[in-house]
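Reading through the structure tokens given below for one structure.
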Amino acid sequence: MSAKKIIIDCDPGVDDAIALMLALKSSELAVQAITVVAGNVPLELTQRNARQICELLDRTDVPIYAGCPRPLVRSLITAEDIHGKSGLEGVTLPEPAVPLQPMHAVHYLIELLRTAVEPLTIAALGPLTNIAVALIQAPDIVDKIERLVIMGGGITHGNITPVAEFNMYVDPHAAQVVFEAAIPTTLISLDVTHQVLTTPARLDAIQAVGNPVSEVATAVLSHYGKADKEKLGTLGAPLHDPCVIAYLLEPHLFTTYPGSIQVETNSPLTLGQTVIGLAESSSPMIDIAQDVNASGIYDLLIERLENP
């Protein structure tokens, strides 16, 4: 069976870095490129972090493109309190030799999708700015996107405001553009990722893998967990973005239901809130993840980190 061709659009960030490790160590996925957006930290750092992770994994064959440095309408909001000033707090990686591609990520997405023989899947791990701008500039690329799998939104709660999840809050206007585009989409929200906790036992299991990649994973997850554990009162931090890659690898780990999504773009009180409705023929249908086998996620991650 041939590997699934995917593009990873991300804003590394600790959990993005773990997602990249999972994807790039999985032979079932053929990562065509990594496109990077501002989000967890500014673009200058997210693109650097993506290059560092690819170099750590010895995946210098995967091209990396920098995209939008700010949201469509709003000023950029970042999350250094969670990911640290560098975005990968807890570890110092060497300056990457992996080059940043000269083309803008949006232009690359348009060119790649327009020339693709078969539709591609996009794993969207950060604010949806790059994807929204590509859809605005080239709406014809919709037909070349097999599926979007998005980490974002919160149905019962938020993580940056009481009702808004970070990625949606950073660029709600971009999110609304994407959800209106009638692309087959799976949404993995906080309601699911907050079930996927990096407990001390799971962190010990990652560390026990005992190779350079698992050592970096352990170091960044150890720092990343502190703020969320204190805020949420849980045994560990939620592992958000790797859930997208896990879904692409083993969708049976998740249960989903059909629905529709609107994103609040105006209200100062509820900006970025994802409002979930019943699936209706008049609006694009979204597969919304409801439950997850969290132990299965960590078993998969550890198995792939053991890969040479």
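The values are calculated or read from the model by the stated rules, or taken from the named source; none is laboratory data. Owing to the predicted nature of the structure, the values given are computational and were not obtained by experimental measurement. Don't worry about glycine lacking a Cβ; one is built from the backbone with ideal geometry, like all the others, and counts go over all protein chains shown. Surface areas here come from the heavy atoms of the whole protein model, side chains and all, with no ligands, DNA or RNA. Shrake-Rupley method; radii C 1.70, N 1.55, O 1.52, S 1.80 Å.
Overview of values
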{"read-out": "Long-range HN-HN contacts of Thr185 with modeled amide H, under 5 Å", "value": "Leu148, Asp287"}
{"read-out": "Cα gyration tensor category, rounded, prolate or oblate, for the stretch 61-185 with a/c compared to 1.5", "value": "oblate"}
{"read-out": "Hull volume in cubic angstrom per residue (convex hull over the Cα atoms of the stretch 1-147)", "value": "104 Å³"}
{"read-out": "Among 208-217, 153-162, 168-177, the order from most to least packed when residues are scored by Cβ within 10 Å on average", "value": "168-177, 153-162, 208-217"}
{"read-out": "Taking the chain and dividing mean pair separation by its residue count, relative contact order in percent (alpha carbons under 8 Å, at least six apart)", "value": "19 percent"}
{"read-out": "Residues whose placed amide H lies under 5 Å from that of Asn159, excluding near-sequence neighbours", "value": "Ala164, Glu165, Phe166"}
{"read-out": "By accessible area with a 1.4 Å probe, ligands and nucleic acids excluded, highest first: order of Glu180, Glu165", "value": "Glu180, Glu165"}
{"read-out": "Pair Met1, Glu180: separation of 7 Å Cα→Cβ label points (nm)", "value": "3.7 nm"}
{"read-out": "Count of Lys pairs (Cα-Cα under 15 Å; at least 8 positions apart or interchain) in the chain", "value": "5"}
{"read-out": "Cα gyration tensor shape for the chain, rounded if a/c is under 1.5, else prolate or oblate", "value": "rounded"}
{"read-out": "Computed FRET value (nearest 0.05) for Glu28 with Asn266, which takes r as the C-beta separation and R₀ as 35 Å", "value": "0.25"}
{"read-out": "Centroid-to-centroid separation of the stretch 131-161 and the stretch 189-255 [C-alpha atoms, Å]", "value": "23 Å"}
{"read-out": "Normalised contact order of the stretch 1-61, rounded percent, pairs of Cα under 8 Å and 6 or more residues apart", "value": "40 percent"}
{"read-out": "Å² per residue, accessible surface of the chain at 1.4 Å", "value": "40 Å²"}
{"read-out": "Alpha-carbon centroid distance for the pair the stretch 55-115 / the stretch 1-52, whole angstrom", "value": "8 Å"}
{"read-out": "Gain on full stretching of the segment that runs from Asp81 to Thr234 - 0.36 nm per residue minus C-alpha separation", "value": "53.3 nm"}
{"read-out": "Normalised contact order of the stretch 228-308, rounded percent, pairs of Cα under 8 Å and 6 or more residues apart", "value": "28 percent"}
{"read-out": "DSSP-defined beta bridges in the chain - what % are antiparallel, rounded to 5", "value": "35 percent"}
{"read-out": "Inter-probe distance in nm under a simple model that places probes 7 Å from Cα toward Cβ, at Arg74 and Asp299", "value": "3.9 nm"}
